Amino acid sequence: MRAMVVEVEGRHAILLGRDAFYPAPIAFTLAHEIGHAALGHIGNNKTLVDIGDSSFGSEDQEEQEADRYGLELLTGSAEPVITTNIDNFSARGLAEACLEAGPSRGIEPGTLALCTGYVRDDWVVANAALRHVYSERKPVWQEINAMAAGELNWGNLSDESIEYLGSVMGNDG
Ligand SMILES: [Zn+2]
(Lines give C-alpha, C1' and ligand atoms only; values in the text may rest on other atoms or scores of the structure.)
Protein backbone atom coordinates (compact mmCIF):
# COMPACT_ATOMS: atom_id res chain seq x y z
CA MET A 1 0.00 0.00 0.00
CA ARG A 2 1.30 3.43 -0.96
CA ALA A 3 -1.19 5.40 1.07
CA MET A 4 -4.72 5.44 2.43
CA VAL A 5 -7.20 8.24 3.09
CA VAL A 6 -10.07 7.84 5.52
CA GLU A 7 -12.92 10.21 6.23
CA VAL A 8 -14.78 10.21 9.50
CA GLU A 9 -17.45 12.83 10.17
CA GLY A 10 -16.02 15.30 7.69
CA ARG A 11 -12.41 15.00 8.84
CA HIS A 12 -9.69 13.20 6.97
CA ALA A 13 -6.69 11.19 8.01
CA ILE A 14 -3.95 10.13 5.60
CA LEU A 15 -1.87 7.07 6.33
CA LEU A 16 1.36 6.87 4.39
CA GLY A 17 2.40 3.33 3.62
CA ARG A 18 5.75 4.02 2.01
CA ASP A 19 8.96 5.64 3.08
CA ALA A 20 11.92 7.30 1.39
CA PHE A 21 15.28 8.67 2.39
CA TYR A 22 14.45 12.13 1.01
CA PRO A 23 11.29 14.24 1.50
CA ALA A 24 10.25 14.97 -2.11
CA PRO A 25 8.84 11.54 -3.07
CA ILE A 26 6.78 11.47 0.12
CA ALA A 27 5.59 15.03 -0.54
CA PHE A 28 4.22 13.82 -3.90
CA THR A 29 2.34 10.97 -2.29
CA LEU A 30 1.00 13.19 0.49
CA ALA A 31 -0.09 15.95 -1.93
CA HIS A 32 -1.86 13.34 -4.10
CA GLU A 33 -3.76 11.99 -1.07
CA ILE A 34 -4.67 15.52 0.06
CA GLY A 35 -6.09 15.88 -3.46
CA HIS A 36 -8.35 12.85 -2.98
CA ALA A 37 -9.60 14.35 0.30
CA ALA A 38 -10.06 17.90 -1.02
CA LEU A 39 -11.79 16.76 -4.21
CA GLY A 40 -14.35 14.72 -2.31
CA HIS A 41 -13.25 11.32 -3.58
CA ILE A 42 -13.85 9.73 -0.20
CA GLY A 43 -17.37 9.32 1.11
CA ASN A 44 -18.14 9.62 4.79
CA ASN A 45 -16.81 6.72 6.86
CA LYS A 46 -15.15 5.34 3.77
CA THR A 47 -11.58 4.58 2.85
CA LEU A 48 -9.58 5.11 -0.33
CA VAL A 49 -6.46 3.02 -0.80
CA ASP A 50 -3.70 3.77 -3.31
CA ILE A 51 -1.72 0.69 -4.09
CA GLY A 52 1.62 0.40 -5.83
CA ASP A 53 3.85 3.07 -7.25
CA SER A 54 2.98 6.63 -8.09
CA SER A 55 -0.14 6.75 -10.21
CA PHE A 56 1.24 9.19 -12.77
CA GLY A 57 0.00 8.01 -16.12
CA SER A 58 -3.01 6.29 -14.61
CA GLU A 59 -6.13 6.10 -16.76
CA ASP A 60 -8.38 6.46 -13.74
CA GLN A 61 -10.06 9.87 -13.66
CA GLU A 62 -9.89 10.34 -9.89
CA GLU A 63 -6.22 9.36 -9.90
CA GLN A 64 -5.52 11.94 -12.62
CA GLU A 65 -7.46 14.59 -10.68
CA ALA A 66 -5.51 13.81 -7.51
CA ASP A 67 -2.23 14.02 -9.45
CA ARG A 68 -3.18 17.41 -10.87
CA TYR A 69 -4.24 18.66 -7.44
CA GLY A 70 -0.99 17.42 -5.93
CA LEU A 71 1.14 19.02 -8.64
CA GLU A 72 -0.65 22.34 -8.19
CA LEU A 73 -0.21 22.15 -4.43
CA LEU A 74 3.52 21.52 -4.77
CA THR A 75 4.40 23.72 -7.74
CA GLY A 76 1.56 26.23 -8.15
CA SER A 77 0.49 24.66 -11.44
CA ALA A 78 -1.38 21.47 -12.30
CA GLU A 79 0.70 21.34 -15.48
CA PRO A 80 4.06 22.85 -14.59
CA VAL A 81 6.04 23.96 -17.62
CA ILE A 82 9.64 22.97 -17.14
CA THR A 83 12.23 23.68 -19.78
CA THR A 84 15.90 22.87 -19.57
CA ASN A 85 18.76 24.63 -21.32
CA ILE A 86 20.70 21.44 -21.88
CA ASP A 87 19.59 17.99 -22.96
CA ASN A 88 21.65 15.75 -20.77
CA PHE A 89 21.78 16.55 -17.10
CA SER A 90 23.97 14.66 -14.72
CA ALA A 91 22.34 14.01 -11.35
CA ARG A 92 24.56 16.66 -9.79
CA GLY A 93 23.87 19.12 -12.62
CA LEU A 94 20.11 18.67 -12.25
CA ALA A 95 20.36 19.10 -8.48
CA GLU A 96 22.35 22.33 -8.87
CA ALA A 97 19.85 23.68 -11.42
CA CYS A 98 16.92 22.86 -9.12
CA LEU A 99 18.61 24.37 -6.07
CA GLU A 100 19.08 27.55 -8.08
CA ALA A 101 15.71 27.68 -9.89
CA GLY A 102 13.37 26.24 -7.24
CA PRO A 103 13.35 28.71 -4.34
CA SER A 104 12.74 31.84 -6.44
CA ARG A 105 9.69 30.11 -7.94
CA GLY A 106 8.45 28.87 -4.59
CA ILE A 107 9.15 25.24 -5.47
CA GLU A 108 11.10 22.99 -3.15
CA PRO A 109 14.23 21.88 -5.09
CA GLY A 110 13.75 18.13 -4.60
CA THR A 111 10.17 18.47 -5.82
CA LEU A 112 11.39 20.38 -8.86
CA ALA A 113 13.91 17.61 -9.58
CA LEU A 114 11.14 15.01 -9.55
CA CYS A 115 8.89 17.21 -11.72
CA THR A 116 11.76 17.48 -14.19
CA GLY A 117 12.09 13.71 -14.13
CA TYR A 118 8.40 13.44 -14.91
CA VAL A 119 8.50 15.96 -17.77
CA ARG A 120 11.67 14.44 -19.27
CA ASP A 121 10.67 10.86 -18.47
CA ASP A 122 14.02 10.36 -16.78
CA TRP A 123 13.43 9.09 -13.26
CA VAL A 124 16.90 7.63 -12.86
CA VAL A 125 18.65 11.01 -13.01
CA ALA A 126 15.83 12.75 -11.13
CA ASN A 127 15.98 10.29 -8.23
CA ALA A 128 19.78 10.35 -8.22
CA ALA A 129 19.67 14.15 -8.08
CA LEU A 130 17.90 14.00 -4.70
CA ARG A 131 21.11 12.86 -3.04
CA HIS A 132 22.72 16.14 -4.13
CA VAL A 133 19.70 18.29 -3.27
CA TYR A 134 19.48 17.20 0.36
CA SER A 135 22.32 17.43 2.84
CA GLU A 136 21.50 14.15 4.52
CA ARG A 137 19.82 10.83 3.84
CA LYS A 138 17.41 9.75 6.55
CA PRO A 139 14.09 7.91 6.80
CA VAL A 140 11.33 10.45 6.25
CA TRP A 141 8.80 8.52 8.33
CA GLN A 142 10.47 9.50 11.59
CA GLU A 143 9.88 13.22 11.09
CA ILE A 144 6.38 12.74 9.68
CA ASN A 145 5.29 10.54 12.58
CA ALA A 146 6.85 12.91 15.13
CA MET A 147 4.85 15.73 13.51
CA ALA A 148 1.68 13.63 13.48
CA ALA A 149 2.18 12.68 17.13
CA GLY A 150 2.34 16.37 18.00
CA GLU A 151 -1.02 16.95 16.29
CA LEU A 152 -2.89 14.11 17.97
CA ASN A 153 -5.06 14.83 20.98
CA TRP A 154 -3.64 12.00 23.08
CA GLY A 155 -5.69 13.00 26.13
CA ASN A 156 -8.91 12.03 24.33
CA LEU A 157 -7.70 8.55 23.43
CA SER A 158 -8.16 5.33 25.33
CA ASP A 159 -5.13 3.53 26.74
CA GLU A 160 -5.62 0.86 24.10
CA SER A 161 -5.63 3.46 21.28
CA ILE A 162 -2.55 5.16 22.70
CA GLU A 163 -0.70 1.88 22.84
CA TYR A 164 -1.80 0.94 19.32
CA LEU A 165 -0.95 4.30 17.77
CA GLY A 166 2.38 4.44 19.59
CA SER A 167 3.24 1.04 18.21
CA VAL A 168 2.06 1.80 14.64
CA MET A 169 3.82 5.16 14.58
CA GLY A 170 7.04 3.81 16.02
CA ASN A 171 7.32 6.49 18.64
CA ASP A 172 6.24 4.66 21.76
CA GLY A 173 8.45 4.84 24.78
ZN1 LIG B 1 -4.76 8.05 -5.72
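Structure notes:
- For the range 83-96, the criterion of a residue being within 20 Å of the chain's Cα centre (by Cα) and open to solvent by 30 Å² or more (accessible area, probe 1.4 Å) is satisfied by no position.
- Residue count, the range 11-46 (criterion: among the β-branched types (Val, Ile, Thr) and away from the ligand (no atom under 12 Å from the Cβ)): 1
This table checks each residue for (1) at positive phi; (2) away from the ligand (no atom under 16 Å from the Cβ); (3) not basic (Lys, Arg).
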position	(1), (2), (3)
52	yes, no, yes
63	no, no, yes
69	no, no, yes
111	no, yes, yes
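The values are calculated or read from the model by the stated rules, or taken from the named source; none is laboratory data. Nothing here was measured: the structure is a model prediction, and the numbers come from that model. When we count neighbours, we look across all protein chains shown, and the Cβ atoms used for this are built from the backbone with ideal geometry, even at glycine. Accessible surface areas use protein heavy atoms only, side chains included; no ligands, DNA or RNA. Shrake-Rupley method; radii C 1.70, N 1.55, O 1.52, S 1.80 Å.
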